[in-house]
Amino acid sequence: MVVEDELRQAIVDGQAKLAASKAAEGLQAGIAAGVLLQECLIAAMNEVGRLFEEGEIFVPEMLVSARAMNAALDLLKPHLVGEGATRSAGTVVIGTVQGDLHDIGKNLVAMMLEGSGFTVVDLGTDVPVERFADAVRSGADVVAMSALLTTTMTNMRAVVDALKEAGLRDHVRIIVGGAPITARYAEEIGADGYAADAPKAVRKVKELLGA
C-alpha cells in the first residue's frame, strides 16, 4: 500500500510531478488503473474537499491539488480505457455564462468532478445560451453554470428558460454557483441546486444523480 499512500499524499500536497510519477509506479507494480483512480485519486480529492470545508486549506491549495490529480489522471486514462474501467458516474456540462470571462472557480469544479469519476464537458467561458442547449442535446446529465458578475448572472435564467422552450429541461439537472449566486437565486430561476464552492458542487452533483 506504500505506492497508493504516496500517490494520495502527493495529490493532497499538490505535487503534480510526484503524483504522475507515483501513478506510473503503481501501474508498473501491477495495480489496476481503476483501483488507483478509486482508492487514490478520488480518495485524495475527497480528503482535499474535507480539508477545505474545515478551513485547513484554501482555494489556491485546492487548485494545486486538483492539478496534481489531473496529472495522475492523464497518465491513467489510456489504461482505464484498456481495462474497460471508464464507466462514468455521469456527464456534466460546465461553463461560465455569456458575458463572463471568469474561470478559476469553474475550472476547479470541473477538475474535481473529473477526479470524482464524472465525464466533464467544459464549454469554457462566455458561453452562449444555445451552446448549453446543444450540449444537453448531445447527452448530459447535469448542467453546471458559473457567474462572477451580477450583470451576467441573469444569463443563467436565460439558459434555464431556453432548455424549457426546447423541451430539454426535464432531461437534465441544473446547478449554479459563483460569487453573487445564492440558493435563493437558484430556486428563483428554476435550477435544481446551488453550490458555494467546488467540494459542495461535487457533493450536489452526486446527490442529484444518486452517484
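The values are calculated or read from the model by the stated rules, or taken from the named source; none is laboratory data. As the structure is a computational prediction, the values presented were derived from the model and not from experiment. Neighbour counts run over all protein chains shown; Cβ positions are idealised from the backbone, glycine included.
Residue check: is K164 touching a residue at least 24 places away in the same chain (Cβ under 8 Å), surrounded by 18 or more Cβ atoms within 10 Å (Cβ to Cβ) and of a type outside the set (A, V, I, L, M)?
no
For S65, are the conditions met, namely being of a type in the set (S, T, Y), in a loop (DSSP other than H, G, I, E, B) and more than 20 Å from A191 (Cβ to Cβ)?
no
Within the group T154, T125, T150, T119, which residue is under 24 Å from L41 (Cβ atoms) and of a type outside the set (A, V, I, L, M, F, W, C)?
Residue meeting the stated conditions: T119.
Return the residues of the stretch 54-90 that are at pLDDT below 90 and over 15 Å from the mean Cα position of the chain (by Cα); say none if nothing qualifies.
Correct list: K77, P78, H79, L80, V81, G82, E83, G84, A85, T86, R87.
Between E47, E39, which is assigned to a helix (DSSP H, G or I), within 17 Å of the chain's Cα centre (by Cα) and charged (D, E, K, R)?
So the residue among E47, E39 that is assigned to a helix (DSSP H, G or I), within 17 Å of the chain's Cα centre (by Cα) and charged (D, E, K, R) is E47.
Just wondering, is there one or more residues in the stretch 76-99 that are surrounded by fewer than 23 Cβ atoms within 10 Å (Cβ to Cβ), in contact (Cβ under 8 Å) with a residue 24 or more places away in the chain, assigned to a helix (DSSP H, G or I) and touching a Gly at 6+ places or on another chain (Cβ under 7 Å)?
The answer is yes, given that some residue of the stretch 76-99 is surrounded by fewer than 23 Cβ atoms within 10 Å (Cβ to Cβ), in contact (Cβ under 8 Å) with a residue 24 or more places away in the chain, assigned to a helix (DSSP H, G or I) and touching a Gly at 6+ places or on another chain (Cβ under 7 Å).
Kindly list, by first and then second residue, each pair from a residue in the stretch 100-115 that is in the same structural domain as P60 (by TED's automatic domain parsing) to a residue that is β-branched (V, I, T) and outside any helix (DSSP H, G or I), limited to pairs with Cβ atoms under 6 Å and residues at least 6 apart or on different chains.
Pairs found: none.
I'd like to verify a number: residues in the stretch 50-75 that are crowded, with 16+ Cβ neighbours inside 10 Å and more than 24 Å from I31 (Cβ to Cβ), how many?
Initially, the stretch 50-75 is screened for residues crowded, with 16+ Cβ neighbours inside 10 Å, giving 51-52, 57, 61-73, 75.
Filter once more, so that each one left must be more than 24 Å from I31 (Cβ to Cβ): 51-52, 57, 61-64.
Final tally of qualifying residues: 7.
May I ask you to verify whether V143 is at pLDDT 95 or above and within 18 Å of K200 (Cα to Cα)?
On the way: at pLDDT 95 or above: yes; within 18 Å of K200 (Cα to Cα): yes.
The answer is yes for V143.
Please go through the stretch 132-154 and pick out each residue that is in a helix (DSSP H, G or I) and either touching a helix residue (DSSP H, G or I) at 6+ places or on another chain (Cβ under 7 Å) or under 24 Å from A66 (Cβ atoms) (or both).
Across the stretch 132-154, the qualifying residues are F132, A133, A135, V136.
For the stretch 170-191, which positions are surrounded by 18 or more Cβ atoms within 10 Å (Cβ to Cβ) and either closer than 21 Å to D134 by Cα or in contact with a helix residue (DSSP H, G or I) (Cβ under 7 Å, 6 or more places away or on another chain) (or both)?
Within the stretch 170-191, V172, R173, I174, I175, V176, G177, G178, I189, A191 qualify.
Tell me, yes or no, whether the stretch 17-40 has at least one residue that is surrounded by 15 or more Cβ atoms within 10 Å (Cβ to Cβ) and either aromatic (F, W, Y) or touching a Gly at 6+ places or on another chain (Cβ under 6 Å) (or both).
So far as the stretch 17-40 goes, yes, one or more of its residues are surrounded by 15 or more Cβ atoms within 10 Å (Cβ to Cβ) and either aromatic (F, W, Y) or touching a Gly at 6+ places or on another chain (Cβ under 6 Å) (or both).
Which of the residues that make up the stretch 4-55 are without any contact (Cβ under 8 Å) to a residue 60 or more places away in the chain and either acidic (D, E) or assigned by TED's automatic domain parsing to the domain that holds M112 (or both)?
E4, D5, E6, D13, E25, E39, E47, E54 - these are the residues of the stretch 4-55 that are without any contact (Cβ under 8 Å) to a residue 60 or more places away in the chain and either acidic (D, E) or assigned by TED's automatic domain parsing to the domain that holds M112 (or both).
Output the residues belonging to the stretch 125-155 that are acidic (D, E) and closer than 17 Å to G99 by Cβ.
D126, E130 - these are the residues of the stretch 125-155 that are acidic (D, E) and closer than 17 Å to G99 by Cβ.
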